[in-house]
Amino acid sequence: MDADLSVSAASAAPESEVARKRRVHGMLKQYYGINDEGKVAAEEPESRDPCDINGPHFDPELYLNKLRKECSLTELMDQESLMVKQIRSLDSDMQTLVYENYNKFISATDTIRKMKNDFKKMEDEMDCLSANMAAITEFSARISGTLQDQHAQITKLSGVHTLLRKLQFLFELPARLNKCLELQAYAQAVSSHRRARSVLQQYSHMPSFRGIQDDCHAIMEQLAQRLRQKFRDGGSSAKDLSECVELLLQLDEPAEELCDKFLSHAQSRLEADLQGLEAELREAGPASGPTALLDPSGKPSAAPVAGSPADSVSPMTNPFLSPTSRMDILEFIDRGCNEFVSNLCLVIASYQELFINRPQEGDLASKNIPQMASGKLHSFVDSLATRYFSLVERRIQEEKGVGDNSLLVRALDRFHRRLQAISKLLPGSAVPSQGTEIVVQAARERIRQYLSALQSFYLDSLTDVRQALAAPRLSVGGSAVPASGTLLGSSSGGKDAAPSLPELLSSLSASILNQIKSVLASVHLFTAKDITFSNKPYFKGEFCSQGVREGLVVSFIKFVCQSSRHFCESAGDRGGSTPPALLLLLSRLCLDYETSTISYILTLTDEQFLVQHHVPVTPVTALCSEAREAAQKLLNHYVKVQGLIISQMLRKSVETRDWVNTIEPRNVRAVMKRVVEDTTSIDVQVGLLYEEGVRKAHSSDSSKRTFSVYSSSRQQARYAPSYTPSAPMDTNLLSNIHKLFSERIDIFSPVEFNKVSVLTGIIKISLKTFLECVRLRTFGRYGLQQIQVDCHYLQMYLWRFVSDENLVHFLLDEIVGSAAHRCLDPAPMEQSVIEVICERG
Amino acid sequence: MEDDAPVIYGLEFQARALTAQTAETDAIRFLVGTQSLKFDNQIHIIDFDDENNIINKSVLLHQVGEIWHMSASPADKSVLTTCYNTTSDSRVATSAAVWRMPKEFESGTHESPDDSSNNPQALELLCHLDNAAQGNMACVLWEPMGDGKRLVSLADNHVALWDLEASSTKATVSSSATLEGKGQLKFTSGKWSPHHNCTQLATANDTAIRGWDLRSMSQNFCQQRGLSANPSQPRRAAQDPSRCLWGEKKNSTRLLFFPRVWSVRYNHSHDQLVLTGSSDSRVILSNMVSISSEPFGHLADEDDLSDGEDNHQEEKSKEPLQDSIIATYEEHEDSVYAVEWSCADPWLFASLSYDGRLVINRVPRALKYRILL
């Protein structure tokens, strides 16, 4: 039954079997009071419970009593059956355990018995082995003893063998060298000879060796001769050459001579490169005239390939190429870099390897070769680099077009970058710094070119503006004439032409600004991050502040101001060649520059170039004040020119008339109407560009009433004494007293930047001229009356343009006064009649 | 170092004509002619006593008309010419005449102001320069440094060279020329060059300057001035046409600073000193080194002026930067129509404004010493 149970349990589930076993173990352990550590866990609280059936202190009596007391019958029944079941399972468990233990014990006994047998066999085999080992040791000792003397003999024999082989090498050397010579395996020959040389030297007292040595010498001499020949021929590449030099050096050739030869040979080859470049330049020279006009980006792609070999031979052979074979500068520099600079680097590198950096061997070291060699190298490199630089400079100078700056910058960058290789090879050389100098020079030149380009652009756009101004002016002239007297007509005639003024101004300033920006962008390429020379101190500091800011931007602004001033000054020689509208426009432009544009441009520049000002630079305020000064000058000049135009009309009108014998005035003279019209159109023109400005407060309806008061009372009073011949002093006295009370008028006082001030200036000039002309004439009665009428008419219309109408009053007053004074028969016209005539006009 | 205050003299009438008494080299004497349509015009002889800053005046009557231009003979102190307006039956014509001052005036010793002002004496007419055919006389010029025998008159568009007889009582036209051109051209001013044996004459009409060769009476150069719109017809005066021209060119820019210049005079001895009178009632003394025949600060040598033409080229190369306004005189209250250097004292000048105010001023002492030393 036990086996049956265990089998069934094992077959059912091995895991549960194990688990069950563990549980059984645990229960047993618990029963015997052994916990996992194998100690008796006596004092566990629950085990003290006498009712715990598994506890050690179980009291059956108590338990039974308890059950009986607590449980019902059915529960007791259940409890009883449960207990029976448990007891049964415990019994079976115990049986199983006992059985297992027994089995294990039996198998252990079997194993121990088997081991005992095996060990005995092993002990016998070990004994046998140790006996064998002893025998081997004995034999070996015996053999080495016998072989001792033979070994020494063999060593000696092998020594003799090597010696013989060396001797054979020596004897064969001449033949071998000859063969090498035939095969041109010079390196092998030299190395062979070197190996033999010291030996031959040592044993040269023996005749046989001496013969060999002599032979060798002769052969080597021949070889050296050939090497020199090869060296001189110079057809070979740099690598061959350096090999050649190395061999010669090993043959104890004098190093200095070799250096010279090497360098002169290298020079001839580099010179060929340079000549190629020069031929390129020369060829480009005559062709530069027509091609300079071409877009530099349209580069001839095939030309360099086809042209370069032919160029170096003779530029005359292919005349067809000359117009198209002009390389752009990038290609030129590229060619220079690839041919000259890389060859130069190669030469430097091989030279240094040969003469400077070689491990110093006994006899060579004493001659101080590296110093001598590097001195030679430096002067060599310097002289060649100078020539190269002069070529590059010439080429750069030919780069005149300002169209595409990136090409130049890239070329310069490449140029500069390749020179860095030289600086790495030759740390102390001045070549890279010279190269940087060239780059700097080119950058400076570039800035100059940009400045002149900007200037010519400015002048061109001024010419455009001038043309634009000239075109509509003609149409105005046509339209303004028929507008007879009505202010509306003339002002609308002015408007046809005038609206283009603000547009012209804005387009002019915008195009200039754009041009400046694009130039700045082009120049900015010089300082781009990926350009190697941009981190040179010049490009960080001076280029930005002195070059771009001062040399380009500030100079340009100054140029603008200066050329504006030039317009004012040169007008004297060239007459009214500058249209007044242009003066006005430029004045506004300069004013705009003063208020905003200059600071904007400079801020833009400073931001783009991160200018750090080590040296004092032109401050914005200085430029602004210069611009303001120019604006002021232009405006003053505008006032003068316009004033003089009107003055001229007035003057002609006064001078060409016979004032003594004129008829009684019926009309306002046409000239006065024309003056008013012109003034109105000037008013419109100025109003387009300048603000209104402030006037002095004047009485509400000042146009008529004031004038009537003035002409009836004051004027009458003024020349009343003239025709009552009392004392001659009175006239002067009166006019002087009058002058005492009126302010002195400064005719050419500076004009302010507003419309009213401008017109005031123009009117002042015109009226003053009128006055002066009147004083030169003699008037009859009706002449005076005509002047009266004209002045009244002017008064009616001109007051509205000026800042202080009293000014107009005063000047007109003076004119009428002077006319009266110069009148043979001063009888003034009735004020009412004057008014009627003027109204009618 | 304070400068002497200007001396001011007032005339009763309006006046435009002013001249220095050319033949007088000892006393500082100016002649002023008045303009009045209604009263008898006068010629005021102004003697300036340099040491005491006192003015002595004498008045002569000039009854024929108002005086527009006046010039004094370089040879005879008492002889002068005037251009004057006459009005007859509502026709105004300008003519010219040669006059002689009464004996007692010519030397300037006549000092009885009460006497003369109360009872002014009249000028003695020597001869008329009869020019009815030629039009209105603009100005009459004496041959500089000559013997007072030759005159040039400018009338409308005619130039005429006159020969005076020994007694100056008869004048005959020896040659004449006409200015031809578009429109109605009129001479406004002229000046006789003292160089080249006095064969050169410079004239101004409107804004053009012309040079004439008096031997052939032909025009030998013409410079259309750029500032054609300037109505003020600056009255040019120069010792020498080329210098005049040159000065003109240079001045065209400066003219903007001298608005409406009516009269320009070079100092006779130091030709970098230029005096201008203008209608803004200012007199401006400027230092035009650029047109000077001698470097600034160099001792003036009057004889050097003879080779002014040759210096001319060198002058161009000189820096005109030192051109500057030395002083502005604002004593006038009306337009200044005439300025004149004194013949006796090269550092003294007079200016005349329309209201009849004559002001005598001096070159600032500091500048004077800088030029001399």
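The values are calculated or read from the model by the stated rules, or taken from the named source; none is laboratory data. Computed from a predicted structure; not experimentally measured. All Cβ positions, even for glycine, are placed from backbone atoms using ideal geometry, and neighbour counts span all protein chains on display.
Things worth noting here:
- Filter result for A:Cys838 (closer than 24 Å to B:Asn136 by Cα and not small (Gly, Ala, Ser)): no
- Flag for A:Ser144 being without any contact (Cβ under 8 Å) to a residue 12 or more places away in the chain and among the small types (Gly, Ala, Ser): yes
- Residue within the range A:562-573 that is at pLDDT 80 or above and surrounded by fewer than 17 Cβ atoms within 10 Å (Cβ to Cβ) present: yes
- Filtered residue count, the range A:489-506, keeping only those that are surrounded by 15 or more Cβ atoms within 10 Å (Cβ to Cβ) and either at pLDDT 85 or above or not in a helix (DSSP H, G or I) (or both): 1
- Residue check, B:Asp345 within 13 Å of chain A (Cβ to nearest Cβ) and not in a strand (DSSP E or B): no
- Of residues in the range A:249-279 being modelled with pLDDT under 75, part of a helix (DSSP H, G or I) and charged (D, E, K, R), the one surrounded by the most Cβ atoms within 10 Å (Cβ to Cβ): A:Lys261
- Among (1) more than 30 Å from B:Trp347 (Cβ to Cβ); (2) within 14 Å of chain A (Cβ to nearest Cβ); (3) crowded, with 22+ Cβ neighbours inside 10 Å - the single one B:Arg91 does not satisfy: (3)
- Within the range A:375-400, the set of residues being over 12 Å from A:Gln267 (Cβ atoms), free of Cβ contacts under 8 Å to residues at least 24 places away in the same chain and of a type in the set (S, T, N, Q) comprises A:Ser390 only.
- Some residue of the range A:100-120 being among the acidic types (Asp, Glu), surrounded by 10 or more Cβ atoms within 10 Å (Cβ to Cβ) and closer than 30 Å to A:Ala218 by Cβ: no
- The set of residues in the range B:10-56 being away from chain A (no Cβ under 14 Å) and hydroxyl-bearing (Ser, Thr, Tyr) consists of B:Thr19, B:Thr22, B:Thr25.
The rows are residues; the columns are (1) at negative phi; (2) within 12 Å of another protein chain (Cβ to nearest Cβ); (3) modelled with pLDDT of 60 or more.
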site: B:Arg243; (1), (2), (3): yes, no, no
site: B:Trp246; (1), (2), (3): yes, no, no
site: B:Lys249; (1), (2), (3): yes, yes, no
site: B:Ser263; (1), (2), (3): yes, no, yes
site: B:His268; (1), (2), (3): yes, no, yes
site: B:Gln272; (1), (2), (3): yes, no, yes
site: B:Leu275; (1), (2), (3): yes, no, yes
site: B:Ser279; (1), (2), (3): yes, yes, yes
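- Lone unmet requirement of (1) within 21 Å of A:Asn754 (Cβ to Cβ); (2) within 14 Å of chain B (Cβ to nearest Cβ); (3) surrounded by 22 or more Cβ atoms within 10 Å (Cβ to Cβ) for A:Asn636: (3)
- Top-ranked residue of the range A:507-532 - restricted to ones that are of a type in the set (A, V, I, L, M) and surrounded by 15 or more Cβ atoms within 10 Å (Cβ to Cβ), ranked as farthest from A:Ser461 (Cα to Cα): A:Ile531
- If the condition is being within 13 Å of chain B (Cβ to nearest Cβ) and touching a residue at least 60 places away in the same chain (Cβ under 8 Å), then the range A:785-822 contributes A:Leu811, A:Gly817, A:Ala820, A:His821.
This table checks each residue for (1) away from chain B (no Cβ under 14 Å); (2) of a type outside the set (S, T, N, Q); (3) in contact with a Gly (Cβ under 7 Å, 6 or more places away or on another chain).
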site	(1), (2), (3)
A:Ile601	yes, yes, no
A:Glu607	yes, yes, no
A:Leu610	yes, yes, no
A:Thr618	yes, no, no
A:Leu623	yes, yes, no
A:Gln632	no, no, no
A:Lys640	no, yes, no
A:Leu644	no, yes, no
